[in-house]
Every structure is written in C-alpha cells, then in structure tokens.
1. How many Å³ per residue does the convex hull of the Cα positions in region 342-443 occupy?
2. Jot down the radius of gyration and Dmax of region 408-519, Cα atoms only, both in angstrom.
3. Taking region 35-116 on its own, what percent of its Cα-Cα pair distances exceed 22 Å?
4. Which lysines does residue 510 reach when only Cα atoms under 18 Å apart count, and residues fewer than 8 places away in its own chain are ignored?
5. Rank these by accessible area, largest first, 1.4 Å probe: 75, 159.
6. Please work out the average accessible area per residue across region 401-519, using the 1.4 Å probe convention, and give it in Å².
7. Given the peptides 411-421, 342-352, arrange them by the average over their residues of other C-beta atoms within 10 Å, most packed first.
8. Keeping all protein chains in the complex and leaving out DNA, RNA and ligands, what accessible area do you get for residue 179 with a 1.4 Å probe, in Å² to the nearest 10?
Amino acid sequence: MSATLKFDQRAIAVVELLGTTTECEDFEEALRERRWPVLQKEGGPSTAMSARTTRYLLECRFPGSRVNARRGARERIEVVGDELQLDLVVEVTDLVVRDPEHRPAWFAYERPAADDPPSSPPTRRARWQRQVRRWCAERLAPYRTGRHISAASRSRAEELATRTLPGAVTPSPRVTVRRPMATPDPDPGAVTARRRREDREIFRLCHAAAVLMIASSLIARLWPQGFAAWWVLGAVAIAALGPSAYWLTRIMPGKPGAALMSALGLGAGMAAVGTMIELSGEPDGPSGAMGLVVVAAGYGVFTGIRLLVRQWSWRVVAPWLLPAVLPLALGFFPSLGLGLHALYLDAFGLNLEDVEIPRLWQVIATVRLGLAVNLWLIALAGLGYLQHLHWCVRDRWIGFTLLGFFALVLLMSGVWNFGLQTAAHAGAGAVRAAASGEAVDAYFGISPQWVCVRPIGPVKDIHVDGGEFRPSRPYLKIGDASGTAVLWDPAEKDALKMPMDKLRIVPVDKPSKSCAPSV
C-alpha cells in the first residue's frame, strides 16, 4: 500500500482468530503494514504448537465511498486472512463517524482611535465621518490583524481574538471581530452545520446542477421532435431537483423555505444555461448538447481512473495507463493517422500518393485515431468505480477478467466504429454527394471542390491517366501531389490524373451543366 494513500473510511471491526502464536504474530504484522491499529486484544494464551481463540478489536482504514463501506471493511480483513491462510472470522464491522462542526468564521481587526466615544457632543459631520470610518474598519478592514477565528458566538470570537498566542503579535485592547461582508451574526441556539457533510453536499449539488444543465440542453435539442422524444429527460431533470433541495437543506439547516427556493432557482438557472448552450450554435453546426454529453462522459472516465489510482497507487496503475499515453507519443509520427485518409480516398479509387495531405492534418488525424483507440479506458474507469464502491475487494480475478473482456471489445469497437469505419463512411458519402452534384465536405485536410478545367494548349497534348478528359464537363478536384492534379469525373465515376502546368483550374460553387467557355 502506498505511503501517501488517503484513507476515506475508518471502520471498527471485531475479529475472531483461531491460531497459534506464530499465526497471531503474522496477522498483527499484516495489520501494521496496512496501518490498521489494534485497539484491544483478548484471548489466549496460545503457543507455537497449540491454537487458541483470540479476539481483536481493530480499526480498518481504507479509501472509498461510505456506500457499502462496512462490507468493504469485512472483505478487506478476510483478504488478509486468506493471504495468510488463517482461521479468521470477522464478527462485527461498523464505521467510525467523525463529523466536526462548521462554526461561523470571524475576522479580527483593530478599531481606529477615532472610533472612541467623543468627549463632547459631536457635530453632524463628525457623526457621519465616524460612521464611515466604522464601516470601513468593519467591512473593508484596513486595520485587520490577519487572525482568522471560528466560533459559535461573538463573545467567544472576541475572546479568541484577544488571546495571546506563542510566537504571534500580542493583540491590542482595541481588537474586535467582524463577520464576513453581508453575513449577520449567528442566532443563539442556531443549528450548526457539519464541515465534512457540507463539503460533500456542495460536491453532490454541483453534480445535480450538471445533470440539470445537460438534460435541459438535450431537451432543447429534441424539442422540435415532440413530447415523446424528451419526456424521459424532463423526468430526469425534475428528479434531480429533489436531491438538490435535500442537499441544500443540509447546507442551510433550519431554513427549509430558503433551501427549496434555492433549489428552484438552481433548476431554473441551469435550465436556462443548458438551453442557451444548445440554441447558441449554428443550425448546421455542431450540437452544444452533444458537446456537453461528451464532456460529461470524459469527466466520468477521468473520475473513474482517478478513483482507481486512489485505491491503489500510481506504481500499480501506470502499466494499465501506458496504452492510453501511447497515442500522445504517436502524435510525433503523424503518418500513422494516414490510415483514415487512405480509407477515404479508396472510395474514389485513389491512393495516398495521389493527394498531398498537410502535415498538421496528419497530426490531427493521428490524435483522432488515438482517441478512438482509448475508448477502452471506459472499462478501466468502470473498475475504478467498482473499487470505490467496494464491489471488487475479494475475488479480484473476476473483475480483472471482465475488465480485459470489455477493454478488448471497446478497443475493437473504438478502432473500427469510431476510426476506420467513419473514414470509409465519409468517403462513401463524399462519392454519393459528388455523383448527385452536391458540395462535398472536407475531411482532415482533403478539401474536394467543384471546378471547371481549361486546358492550356491542345487537349491531345495533355497526358491523362485514368480516363478521357473533356473540358466541357465539371470535375471534382480531390487534391494534388507532385504537380499532378486529381480530378474525379461524376459522370464516368473515374479519377483523372493530369499535370497541373497544362491546366487552368477555375473553382465554381456548384457543378454546372457545361463548363464549355461561352463564345
């Protein structure tokens, strides 16, 4: 176990061990290696030859979620017993609850001398100046001492503000305290929130807000298709408001009305943001909703891998992540991404040598292919969630087998469905569009364009490879390489290769019926 591993959960366990002195020592040594302290030990005495029952009261510390943590503690202790071949039974497991108070924050500051009571009745101007100085001292804190205080009442905060601390500057008698700007003093007897619980609730509230925003953006995208297309997403958005209101009541204890109104405001705000993200894009441009879904999926995968690293260590997880880093290194070899261009050009009956691809687009295609290869990281993230929820503590070979199977399936699916097949489909779609006389979209540096071609000199003197050149026809210029232009004839469905110095190429917006020059 890594020395820097963070312990999220602490569980108390009662363990019954039937064993000899040697087995008890081995068990205690294993507990020390895992930094699980033994709180109490009963039973014995056992010897090196005879086995006796010994009961341990120990504290099991491990990372992960509180969900299913009691079972996770039991199985972790049983794993130790299985590794040492011990006759061990875990009788009781329960979680240690540590939830400190989140007391109100105060700032210490030194009152200015002008704030002292005047010796004579002040004038109106003096009263206004005194109020302005007091407001500046309390809110802008120009005389702030820098001391930060956590206290449940003003009297306790003032006591701590004037307390002498070793190595610190001795506070003056003028030191007093104030609350953060626009924050009133706590009411006597008010319910005090819990620090760790509040942090968790804020974290969960952020996830609920993200769900509301993504659902609203998807609803805006599916709105023209009718209620039947988006009612499930609407139910998800409404369902997310319930947990949001509950978590807000825990953040603001004793104020259910304010929590409910905050939840409704959060829902309305996230719905507005999600709708604006979807509607702000161009009609034919990329969808903002799908962009949010991709970002959310990436966040989910990253979080799963992060949880896996926290469960183990970088030294253990690094070999698993090495294939994920490999595409980044492959970016320095952009020719590896030319497989996408080759499949695209194959639909026109061309090879890579026929069209020159810019170097930058080769790198982009390599990164695109690398992202498709890394689809298998979804399986690795799934293992991280299983570990975090303590569902893969014992019999890990089952989880590893499933991981290997799904990783292989996702790897093949990513390479084929999101890599090679998309290139083939893009090429076939470009051929269909060209045959119909429509504009053809660019593909990773290949920019087909409709042109009219004027020969320079007699047509019979121009060498044509692949078919017959007819200047009256419009052609689709696929690209060029080494001074040779590649033109695709939609009528004959053939590609022509001709020297560029013998041609004058005139781009057109759309193919006309005839490119013959008017007389």
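1. Here the figure is 125 Å³ per residue.
2. According to the Cα coordinates of region 408-519, Rg and Dmax are 16.5, 64 Å.
3. Cα-Cα pairs in region 35-116 separated by more than 22 Å: 49 percent.
4. List returned: 477, 493.
5. 159, 75
6. Per-residue value: 56 Å².
7. 342-352, 411-421
8. The accessible area comes out at roughly 30 Å².
The values are calculated or read from the model by the stated rules, or taken from the named source; none is laboratory data. This is a predicted model, so every value here is computed, not measured. All Cβ positions, glycine included, derive from the backbone under ideal geometry; neighbour counts span all protein chains shown. We work out accessible area using only protein heavy atoms, side chains counted, and drop any ligands, DNA or RNA first. Shrake-Rupley method; radii C 1.70, N 1.55, O 1.52, S 1.80 Å.
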